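Have a look at the structure below, then the notes.
The values are calculated or read from the model by the stated rules, or taken from the named source; none is laboratory data. All values reported here derive from a predicted model rather than from experimental measurement. Cβ placement follows ideal geometry from the backbone for every residue including glycine, while neighbour counts extend to all protein chains displayed.
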Amino acid sequence: METKVANPTALGLFGFGVTTVLLSLANLGVLDLSIAIIAVAIVLGGFAEIIAGIFELKLGNTFAGTVFVSFGLFWLSLVLILLLPTIGPVIAADSVGIGVYLLLFALYSLLLFIDTLKSIITLKALLLLVFLLFLTLGIFYVSAIAIFLTLGGIIGVIAGLLGIYMCTGMIINEDWGEEVFKL
């Protein structure tokens, strides 16, 4: 009897989606950057994505495993960048440093997007949005031009909602045995 293995991508997409929507709403000024968002970034953005990534790697899915582990670690490192200066004698990151950090993730996301060009449309759209999200936020932190923070917030909400849509679609399509959600 063969044991069925669940698809860990749904968990990773959920962690990404919820965390990205919440932080993007904070970037738009709709929500305060409170401990609620920080906790979600640690648990769903960080741990859930890392767990999903480790399972993907175990299943031999290099792309999904690397994406989820690296983005999970991104969320954890972002939380450390935000919190460490508030709890100890650590020099806070300057805007340019954060901007360069985000621009490096933009470059990484662009390369991941290139890898998705032979994949499903929703994955292509998601990685393109993630690239644009990191690019606009990186530009904001380097230049302090406010429109880039607003653009990043809007792009982030759309990207996060797409991640949640993809997660939900994977779960429902598998459970119903038919394509209810177009992925």
For Leu31, indicate whether it is among the aliphatic types (A, V, I, L, M) and assigned to a helix (DSSP H, G or I).
no
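Of the residues Ile42, Ile54, which is more than 19 Å from Ile155 (Cβ to Cβ), touching a Leu at 6+ places or on another chain (Cβ under 7 Å), assigned to a helix (DSSP H, G or I) and not polar (S, T, N, Q)? Explain how you work it out, then say what you get.
On the way: Ile54 fails: touching a Leu at 6+ places or on another chain (Cβ under 7 Å).
Of Ile42, Ile54, the one residue that is more than 19 Å from Ile155 (Cβ to Cβ), touching a Leu at 6+ places or on another chain (Cβ under 7 Å), assigned to a helix (DSSP H, G or I) and not polar (S, T, N, Q) is Ile42.
This table checks each residue for (1) out of contact with any Ser or Thr (no Cβ under 6 Å at 6 or more places or on another chain); (2) over 24 Å from Leu162 (Cβ atoms).
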{"position": "Ser24", "(1), (2)": "yes, no"}
{"position": "Gly29", "(1), (2)": "yes, no"}
{"position": "Ala64", "(1), (2)": "no, no"}
{"position": "Phe74", "(1), (2)": "yes, no"}
{"position": "Leu83", "(1), (2)": "yes, yes"}
{"position": "Thr86", "(1), (2)": "yes, yes"}
Only one of Val130, Val90 that is more than 24 Å from Gly53 (Cβ to Cβ) and aliphatic (A, V, I, L, M):
Val90
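Being of a type outside the set (A, V, I, L, M, F, W, C) and within 30 Å of Ala64 (Cβ to Cβ) is the filter; apply it to segment 84-117 and report the residue that is surrounded by the fewest Cβ atoms within 10 Å (Cβ to Cβ). Write out each step before concluding.
To start, the set of residues in segment 84-117 that are of a type outside the set (A, V, I, L, M, F, W, C) comprises 85-86, 88-89, 94-95, 97, 99, 101, 108-109, 115-116.
Imposing the further condition that a residue be within 30 Å of Ala64 (Cβ to Cβ) reduces the set to 97, 99, 101, 108-109, 115-116.
On the way: Gly97: 13, Gly99: 20, Tyr101: 19, Tyr108: 18, Ser109: 23, Asp115: 15, Thr116: 18.
Among those that are of a type outside the set (A, V, I, L, M, F, W, C) and within 30 Å of Ala64 (Cβ to Cβ), it is Gly97.
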Only residues in segment 63-84 that are farther than 14 Å from Gly15 by Cα count as the first member; pair them with residues that are at pLDDT below 95 and among the small types (Gly, Ala, Ser), Cβ under 8 angstrom, at least 6 apart or cross-chain, and list the lot.
Ile81/Ala93
Quick one: would you say Phe14 is in contact (Cβ under 8 Å) with a residue 60 or more places away in the chain and assigned to a helix (DSSP H, G or I)?
yes
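Residues checked against (1) in a helix (DSSP H, G or I); (2) among the charged types (D, E, K, R); (3) at pLDDT 95 or above; (4) closer than 16 Å to Gly163 by Cα:
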| position | (1), (2), (3), (4) |
| --- | --- |
| Val67 | yes, no, yes, yes |
| Tyr101 | yes, no, yes, no |
| Asp115 | yes, yes, yes, no |
| Leu126 | yes, no, yes, yes |
| Leu135 | yes, no, yes, no |
